[in-house]
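Notes follow once the structure below has been shown.
The values are calculated or read from the model by the stated rules, or taken from the named source; none is laboratory data. Because the structure is a prediction, the values reported are computed rather than measured. For neighbour counting, all protein chains shown are included, and Cβ atoms are generated from backbone atoms with ideal geometry for every residue, glycine included.
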Amino acid sequence: MDRPAAPDMPEPAFPAASRPAVTAVVVTWHPEPKRLARLCAALLSQTGRVVVVDNGSAAHELDGARAARADGALELIELGRNMGVAAAQNHGIERALAMGATHVLLMDQDSVPTPGMVARLLEALALPASREAAAAGPRLFDPRTGASLDYLKKKGARFRRLPAPQNAAAPLEVDCLIASGCLIPAEMLRRVGLMDETLFVDAVDTEWCMRARAAGFCLLAETRAVLEHTLGAHSVHRWGRTLAFHGPQRQYYIFRNNLLLCRRPYVDRAWRRLMAKALPRRFLFYALASLIPGAGQGGYLSAMLSGIVDAWRDRGGERPEKKRRRAGLFP
């Protein structure tokens, strides 16, 4: 079956003389070489430079990046081991700023920008907003389901899901942006700070967005900028929502990091209320899934409980290997 295609959007005019210096930072961890090559080619056509930061992949898995590096506009930083998403992003951001980037575009290896995405994000940041914008993000389109992912918007004392319209006349102000496709002015990285490496992976983007909002900045969603993005190990579209599924290791970080965020003084109370509902539901779902024979994933219950305990202990960083082995995640 052919996968759904992202809607075609005309590329906006953006005079070359006034185009800011955008550097894309791509974090990789065991990427699929052909998909990585496609991503690098798409980014090189829309940005001035690309920095690929790898978290300990095999040499052949980076062939796509090495091939794109031939024109000199792509730099590959190999960390040699998995230092986490936040640390890898920070390595790339620091390199981009050192090279004079005015804007940094964060990207996951499982995303591909459609034509004109970066130019539209730049236009969104240049438009007047109610407050100074810390970042702008695209509409995320999942090619596996053919659906666009919702945004989160605070209404009253709660966060609500905001469906993504395809052609909003102006950028929407939202309260959270996913890191992939997020365009951040260099000045905002200096004022808000870099990514929180204690979170390692998961909720890294949420934490930065909360920190930016607490500092008085807004976040913009430009729905005419489209990013092909696959969320989770696999996903389905049901009941008007895209449901993403992650393995046990990710469940550990999802529980631990979101509970850690709830203890941060700058995190909105509405986020705490959302987690008070969402995490128990997630726990019940994956606990039941782990009991189904042949479900294909063991270790959910152990991973989630470990995440809860480590959050209570205020323990960040990478999950200890002993606990990973105990959960059956390694041979």
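In contact (Cβ under 8 Å) with a residue 24 or more places away in the chain, among the β-branched types (Val, Ile, Thr) and surrounded by fewer than 24 Cβ atoms within 10 Å (Cβ to Cβ) - does that describe any residue in the range 76-83? Looking for residues that are in contact (Cβ under 8 Å) with a residue 24 or more places away in the chain, among the β-branched types (Val, Ile, Thr) and surrounded by fewer than 24 Cβ atoms within 10 Å (Cβ to Cβ), one finds at least one in the range 76-83, hence yes. If the condition is being of a type in the set (A, V, I, L, M, F, W, C) and under 18 Å from residue 195 (Cβ atoms), then the range 57-92 contributes 77, 79, 83, 85, 86, 87, 88. Of everything listed in (1) on the phi > 0 side of the Ramachandran plot; (2) modelled with pLDDT of 95 or more, the single unmet condition for residue 156 is (2).
Listed here are the residues, each with its yes/no results for (1) part of a loop (DSSP other than H, G, I, E, B); (2) modelled with pLDDT of 95 or more.
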site: 282; (1), (2): no, no
site: 290; (1), (2): no, no
site: 295; (1), (2): yes, no
site: 307; (1), (2): no, yes
site: 316; (1), (2): yes, yes
site: 322; (1), (2): no, no
site: 330; (1), (2): yes, no
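When residues in the range 192-214 are screened for being among the polar types (S, T, N, Q) and out of contact with any helix residue (DSSP H, G or I) (no Cβ under 7 Å at 6 or more places or on another chain), 1 of them pass.
Specify the residue that is surrounded by the fewest Cβ atoms within 10 Å (Cβ to Cβ); the eligible residues are those in the range 84-103 that are assigned to a loop (DSSP other than H, G, I, E, B) and either out of contact with any Lys or Arg (no Cβ under 8 Å at 6 or more places or on another chain) or not assigned by TED's automatic domain parsing to the domain that holds residue 177 (or both).
Let us first name the residues in the range 84-103 that are assigned to a loop (DSSP other than H, G, I, E, B), namely 84, 99-102.
When the remaining residues are screened for being either out of contact with any Lys or Arg (no Cβ under 8 Å at 6 or more places or on another chain) or not assigned by TED's automatic domain parsing to the domain that holds residue 177 (or both), the result is 84, 100, 102.
Working: 84: 25, 100: 11, 102: 16.
Within the range 84-103, the match that is surrounded by the fewest Cβ atoms within 10 Å (Cβ to Cβ) is 100.
For the range 66-102, taking the residues that are under 20 Å from residue 118 (Cα atoms) and among the small types (Gly, Ala, Ser), the one that is modelled with the lowest pLDDT is identified as 68. Would you point out which residue out of 198, 206, 230 is modelled with pLDDT under 95 and either closer than 19 Å to residue 22 by Cβ or assigned by TED's automatic domain parsing to the domain that holds residue 111 (or both)? None of the other options fit; the residue is 230.
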